[in-house]
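Notes for the one structure printed next.
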Amino acid sequence: MAIRLWHLGNRCCRLSHTARPELAHEEDTQMKYAKFKEAIRQGDLVTGTWAQVGSPETIEILGHSGFDFLIIDTEHGSFGVETAEPLVRAADAAGVPSIVRVADKNPTLIMKALDMGAQGIMVPQVSTKEDALRAVQAAKYPPLGNRGACPSIRAGNYMVEDWPRFADRS
């Protein structure tokens, strides 16, 4: 196994493993997620459903039911961020992209949803161009936005993944 050292300015250093056969499932899942995002960009029809229950088992069942994506609804569901993370993990286990509908347009909620590994967010109560711009800025890392950077998050595979590559594609 080869190891590379990445230096990210004066902020942090990390080790990156270049040969990780145990991550083959993850690479297949990432490819599926990339295809899902490309289908949306192309305007293709994708089919998903809403989940307003805090049950990882229900999310896995839905994930294995042939949907292209699942929306985990923390706005109207009876759960918050702490419960949403195991739901995102369950969607990942089933190989289906998860979109977290955050409770409101608070930038911290947007960041947390993406940091936990959701492939997308749905932001309620966006009614102006400025609201939309703030939501996008909360979801993007600089220079495109103002999302805070933390390489040891679930979405970045806890620093196992190449952080600069992750940040660029996020």
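A few notes on this one:
- The set of residues from the range 41-61 being within 18 Å of G117 (Cα to Cα) and aliphatic (A, V, I, L, M) comprises A51, I59.
- Taken across the range 19-31, residues that are among the charged types (D, E, K, R), at pLDDT below 95, surrounded by fewer than 13 Cβ atoms within 10 Å (Cβ to Cβ) and under 26 Å from A132 (Cβ atoms) do not occur at all.
- The residues in the range 33-82 that are closer than 17 Å to V96 by Cα and touching a strand residue (DSSP E or B) at 6+ places or on another chain (Cβ under 7 Å) can be counted, and the count is 18.
- In the range 65-97, the residues that are of a type in the set (A, V, I, L, M, F, W, C), in a helix (DSSP H, G or I) and either under 26 Å from L45 (Cβ atoms) or touching an Asp or Glu at 6+ places or on another chain (Cβ under 8 Å) (or both): L87, V88, A90, A91, A93, A94
- Considering residues of the range 89-120 that are among the β-branched types (V, I, T) and buried (at least 23 other Cβ atoms within 10 Å of the Cβ) only, the residue nearest to A51 (Cα to Cα): V100
- If you go through the range 122-139 and keep only what is surrounded by fewer than 18 Cβ atoms within 10 Å (Cβ to Cβ), under 21 Å from K37 (Cβ atoms) and β-branched (V, I, T), you end up with V126, V136.
- Subset of the range 48-64 [open to solvent by 70 Å² or more (accessible area, probe 1.4 Å), of a type outside the set (A, V, I, L, M) and either farther than 11 Å from A91 by Cα or not in a helix (DSSP H, G or I) (or both)]: W50, Q52, H64
- The set of residues from the range 81-139 being touching a helix residue (DSSP H, G or I) at 6+ places or on another chain (Cβ under 6 Å) and among the hydroxyl-bearing types (S, T, Y) comprises just one member, S98.
- Against the test of being touching a strand residue (DSSP E or B) at 6+ places or on another chain (Cβ under 7 Å) and either touching a residue at least 24 places away in the same chain (Cβ under 8 Å) or farther than 24 Å from A138 by Cα (or both), the options A94, A113, A90 yield a single qualifying residue, A113.
- Filtering the range 128-148 to residues that are of a type in the set (V, I, T), closer than 17 Å to A113 by Cβ and assigned to a loop (DSSP other than H, G, I, E, B) leaves nothing.
The values are calculated or read from the model by the stated rules, or taken from the named source; none is laboratory data. If you're wondering where the values come from, they're calculated on a predicted model, not measured in any experiment. Positions of Cβ are backbone-derived with ideal geometry, glycine not excepted, and every protein chain shown enters the neighbour counts. Note: accessible area is taken over every heavy atom of the protein model, side chains too, but ligands, DNA and RNA are not part of it. Shrake-Rupley method; radii C 1.70, N 1.55, O 1.52, S 1.80 Å.
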